[in-house]
């Protein structure tokens with residue numbers, strides 16, 4: 001009996017040691033992944049103009065799923081921090097940035113705010129594929145969080161504002177409006193949207209106002225406020241461009257010409273905040 005007990009005890013000890021070794025190996029692999037990513041970022045940053053856009057090497061989401069080794073939430077938080085830090089260094093075209101959100105949705109699919117942040121930051125009028133990137137991320141979020149009205153609502157807003165795609169905007173806004181937890185303001189905005197009674201700018205402003213009014217997140221409110229200010233600025237510049245054409249026979253080639261003609265009374269600092277240019281053939285103001 002004593003020998004049998006010793007054998008059992010020895011086997012249990014061996015099992016515990018093996019489990020400990022496996023856990024240590026997993027931890028070391030995770031630390032190695034994080035270290036290599038940090039080292040890569042440090043080397044890139046060291047040799048870059050800090051004002052210039054950056055490129056990040058990011059492993060694809062399916063690969064990260066297999067390298068997480070049980071630390072999915074830790075890695076998801078790591079890439080979320082990167083996404084917040086890199087937004088101002090992203091050139092709007094490099095695919096590393098949307099890949100951050102695909103990784104996060106793969107590792108921690110019920111982490112809601114990254115889906116909302118992606119909807120607010122990824123779409124760009126100058127990059128046609130940006131809404132495609134967003135829709136892939138958003139669909140994952142809607143699958144993982146079917147009770148969230150914010151994800152489809154924010155995506156619908158961007159399909160209206162960025163792509164001018166009424167069909168896609170209605171699709172996502174309808175999903176948001178049907179969710180029981182959606183505020184009454186969201187349902188009202190959806191109803192107004194279907195009626196087509198407002199101008200383009202009035203509708204866009206109303207959509208971002210709804211985002212501002214229904215969010216408790218300060219960063220979301222800040223972004224919504226900035227978008228409303230941008231919409232007001234674009235509308236004022238386009239009205240001034242029409243007045244310029246009435247006097248000069250052509251649309252202005254730049255915003256500076258509107259200032260010289262005294263057609264706009266806006267702080268130059270506000271204009272400098274947004275990279276805008278005027279299409280001289282149409283008078284439309286475009287965000288670069």
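The values are calculated or read from the model by the stated rules, or taken from the named source; none is laboratory data. None of the values given here were measured: they were computed from a predicted structure. Cβ coordinates were reconstructed from backbone atoms using ideal geometry, including for glycine residues, and neighbour counts include every protein chain displayed.
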Self-check item: Residue, modelled with the highest pLDDT, within segment 85-101, restricted to residues that are part of a helix (DSSP H, G or I) and loosely packed, with under 14 Cβ neighbours inside 10 Å
Solution: 85
Quiz item: Do you know which of the residues in segment 243-260 that are in a loop (DSSP other than H, G, I, E, B) and within 17 Å of residue 276 (Cβ to Cβ) is nearest to the chain's Cα centre (by Cα)?
Solution: 254
Quiz item: Within segment 226-235, can one find any residue that is more than 17 Å from residue 204 (Cβ to Cβ), out of contact with any strand residue (DSSP E or B) (no Cβ under 6 Å at 6 or more places or on another chain) and touching a residue at least 12 places away in the same chain (Cβ under 8 Å)?
Solution: no
Quiz item: Can you tell me which of 64, 59 is part of a loop (DSSP other than H, G, I, E, B), modelled with pLDDT under 95 and more than 14 Å from the chain's Cα centre (by Cα)?
Solution: 59
Exercise. Among the residues of segment 275-286, count how many are over 13 Å from residue 235 (Cβ atoms) and touching a helix residue (DSSP H, G or I) at 6+ places or on another chain (Cβ under 7 Å).
Key: 1
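Only one residue in 129, 167, 139, 179 is surrounded by fewer than 22 Cβ atoms within 10 Å (Cβ to Cβ) and over 26 Å from residue 93 (Cβ atoms), so which one is that?
So the residue among 129, 167, 139, 179 that is surrounded by fewer than 22 Cβ atoms within 10 Å (Cβ to Cβ) and over 26 Å from residue 93 (Cβ atoms) is 179.
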Quiz item: Could you list, in sequence order, the residues of segment 156-198 that are within 22 Å of the chain's Cα centre (by Cα) and either in contact (Cβ under 8 Å) with a residue 60 or more places away in the chain or at positive phi (or both)?
Solution: 161, 164
Practice problem: Tell me which residues, restricted to segment 135-149, are in contact with a helix residue (DSSP H, G or I) (Cβ under 6 Å, 6 or more places away or on another chain) and closer than 20 Å to residue 60 by Cα. | Solution: 137, 138, 140, 141
Exercise. Could you list, in sequence order, all residues of segment 102-125 that are touching a helix residue (DSSP H, G or I) at 6+ places or on another chain (Cβ under 6 Å), assigned to a helix (DSSP H, G or I) and closer than 22 Å to residue 225 by Cβ?
Key: 114, 115, 116, 118, 119, 120, 121
Quiz item: From the list 219, 238, which one is exposed (fewer than 15 other Cβ atoms within 10 Å of the Cβ), in contact (Cβ under 8 Å) with a residue 40 or more places away in the chain and part of a helix (DSSP H, G or I)?
Solution: 219
